[in-house]
Amino acid sequence: MPGSTTHPALPAALPVLGHLPWLRWRPLEFLERQRTAGAVAPFLLRGHPAYLVNDPDLVWSLLTELSGQVGRGTTGDKTRALTGNGLGSSDGEFHRRQRRLVQPVFHHEQVASYVPLLRQAAEAQAARWRDGGTVDLVRQMLVVATTGVLTSLFGVRSPEGMADDVSAALPTCLDIASRIALAPVKLVTKLPTPARRRYTAALGRLHAIADALGAHQPERPAGAGTDLLGRLRDAQAQGVPGLDDRQIHDEIMTMLVAGVETTATTVCWVLHLLGLNPDSEALVRQEVEDVLRGRPVEADDLPELERLRRVVSEALRLFPPVWLVRRRATAPLSLGGRDIPVGASVYYSPYALHRDPRWYPDPERFDPDRWLPERRGALPRGAYCPFGAGVHRCVGEAFGVTEVMTILASLLPHWRVVPASSRAVRPKAVVTLRPERMPVVVRRRP
Ligand code: HEM
C-alpha cells in the first residue's frame, strides 16, 4: 500500500510489457518498492531499459553535472501534444534561450507585484461560497490558480469565463494524456473511445484558449514588458529568432499545463493536512491573524508567515505535485556504478525520495517542524526536490510558492474547510499528484 514504509521487492518483469502495468496501475506502490532495490534500480518498460535513481546525491548529479548527457525524453512525450516545443518540453540551446527570455517574469520582485492579483483570485472564488455549503475543493482551487495565472502572467482583467473553461478542460487533458502515455497497447489509444473523444474535445478547448490569449491585448502601458505575454510579444517584435506565433502559443500552453494544477493541488493538500492536524491548523491560523491583523495579505507579509511556509514545505514533501520525472540518456552514462546505455530512461521520483526513512524519520508523519532551519540543514542535496534541480528546475517556483501562500493567507482567517465525507482522501498519480476527490464543507469564521 502506498504510504507504508516497508516494501517487498518488485516481482519479475512481465513478458513484453515489463513493469509497465505497475507504473500504469499502481505507480506509487511501484516507486516505493523500487526505492528499496538500490541506489539506481533497473526495471523494464516494453523491453526498454529504465532506471529509478533513489540516491539523493545521484539525483543531484543527474540533474546538474550530468545534464549534458541526458535529454528530456520527457514527461514531454505525454505533454508534447499539449505544450508543443514550450519551455517544459524543449532542450539544449533552444531551451536555454527560451528560459532566459521568460525568467525575469518569475523573479522575486516581479512575483511580489502579482500578490494583489493572486489575492483577488482567492477572494473572488471564496465570495461565491455559502456558509455551510459543500464544494469540490480541487475544482475550486483550479479556478483560483487559473485566475491567478491569467491575470498576473497574461494581463487578463476579466478572467471568469476563461478560468472556468481552463479548469474544466485541464484535468481531463492531463488524466487522459497520462493514460495514453502508459497504455499497454498503443493501438487502443488511437481508437475513438469516449475517453479519446473527451480528450480531443478538452485539448481543442485549451488550444483555443491559448490562441485567444495569444491574440489578446493586455491592458498595460506600451512596452512595459512586465507580464509574460508582454515580454514574449516585445521579444517577437525585436525579431528574436524562433519566436513565432506558434512558439508563443506553446509557451502559453506550457504555463497553463505546468502552472495551474501544481499550485491548486498544493493548496488542497495543505488544507487537507491541516484538517487532519487541528493543533497545527490552530497555530498556523493564529500566525496569519497575528501578522495580518485583519487586513488583506501583501507581499511583505509572506516572509513573516514562517509557520505557514513550513506547512507548505511539508505538504510538498508528502504530496509533491510532480511525483515522477523522466530523462533519457543521450550519451553513455555511469551512475552509482551502473552503466546506462544511450536511449535508456532514467527516472527520479520526488514522491519516493521524500518518503525515504533514511532522510525523513517516521516519513508518513505530517511534521512541519522538519523544516526548521536547524533540522532541514541535515538533508542531503536531492533528498527534497519538489521543484527539481539544475537546468530544468521549475522556473515558476517563486510564483508557485507565492501563489500558494497568498491563497492560504487569504482564506484561513475567514474560512474553515472541513471534509464533507469520512472517506480517506487518496492521491491519484496522473501528470500531477492530485487528491482523487476532495468534497469539503466551507464554514465562515466569525
Ligand atoms: C507547487 C507548484 C509547482 C511545483 C511543485 C512545480 C514542480 C516543477 C518541477 C519538479 C519541474 C522540473 C521538471 C523537470 O525536471 O523536468 C518544473 C518545471 C517547470 N515548471 Fe513548475 N512547479 C510548480 C509551479 C509552477 C508554476 C506556477 C509555473 C508557471 C506559472 C511552473 C512552470 C514550470 C515550467 C515552465 C517548467 C519547465 C522549466 C524548464 O524546463 O526550464 N511551475 N516544475
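Candidates in the range 332-369 are the residues that are of a type in the set (Lys, Arg) and surrounded by fewer than 21 Cβ atoms within 10 Å (Cβ to Cβ); of these, the one that is farthest from the chain's Cα centre (by Cα) is Arg338.
The set of residues from the range 148-169 being open to solvent by less than 30 Å² (accessible area, probe 1.4 Å) and more than 13 Å from the ligand (Cβ to nearest atom) comprises Gly155, Val156, Pro159, Ala163, Ser167, Ala169. Among the residues making up the range 388-422, those that are open to solvent by 40 Å² or more (accessible area, probe 1.4 Å), within 9 Å of the ligand (Cβ to nearest atom) and either at positive phi or not β-branched (Val, Ile, Thr) (or both) are Arg393, Cys394, Glu397.
Quick one: would you say Val260 is open to solvent by less than 50 Å² (accessible area, probe 1.4 Å), closer than 21 Å to Thr406 by Cβ and more than 16 Å from the ligand (Cβ to nearest atom)? No; evaluated as a whole, the condition is false for this residue.
A count restricted to the range 128-150 and to residues that are more than 19 Å from the chain's Cα centre (by Cα) and polar (S, T, N, Q) stands at 1.
Listed here are the helices (runs of 4 or more DSSP H) enclosed by the range 9-117 that have at least 1 residues being among the basic types (Lys, Arg): 20-25, 27-35, 76-83, 92-102.
Filtering the range 304-327 to residues that are in contact with a Leu (Cβ under 9 Å, 6 or more places away or on another chain), of a type in the set (A, V, I, L, M) and either part of a helix (DSSP H, G or I) or closer than 21 Å to Leu174 by Cα (or both) leaves Leu308, Val311, Val312, Ala315, Leu318, Val322, Leu324, Val325.
Scan the range 350-373 and tell me whether some residue there is in contact with a strand residue (DSSP E or B) (Cβ under 6 Å, 6 or more places away or on another chain) and more than 28 Å from Leu333 (Cα to Cα).
Checking the range 350-373: not a single residue is in contact with a strand residue (DSSP E or B) (Cβ under 6 Å, 6 or more places away or on another chain) and more than 28 Å from Leu333 (Cα to Cα).
Is there a residue being under 20 Å from Leu232 (Cβ atoms), charged (D, E, K, R) and open to solvent by 10 Å² or more (accessible area, probe 1.4 Å) anywhere in the range 115-124?
No, the conditions are met nowhere in the range 115-124.
The residue pairs whose first member lies in the range 347-358 and is over 11 Å from Gly382 (Cβ atoms), whose second member is of a type in the set (S, T, N, Q) and open to solvent by 10 Å² or more (accessible area, probe 1.4 Å), and whose beta carbons are closer than 7 Å, counting only pairs six or more residues apart or on different chains, are Pro357/Thr5.
The values are calculated or read from the model by the stated rules, or taken from the named source; none is laboratory data. Because the structure is predicted, anything quoted here is derived from the model rather than measured. Positions of Cβ are backbone-derived with ideal geometry, glycine not excepted, and every protein chain shown enters the neighbour counts. Each accessible area value is taken on the protein alone, full model and side chains, heavy atoms only, with ligands, DNA and RNA left out. Shrake-Rupley method; radii C 1.70, N 1.55, O 1.52, S 1.80 Å.
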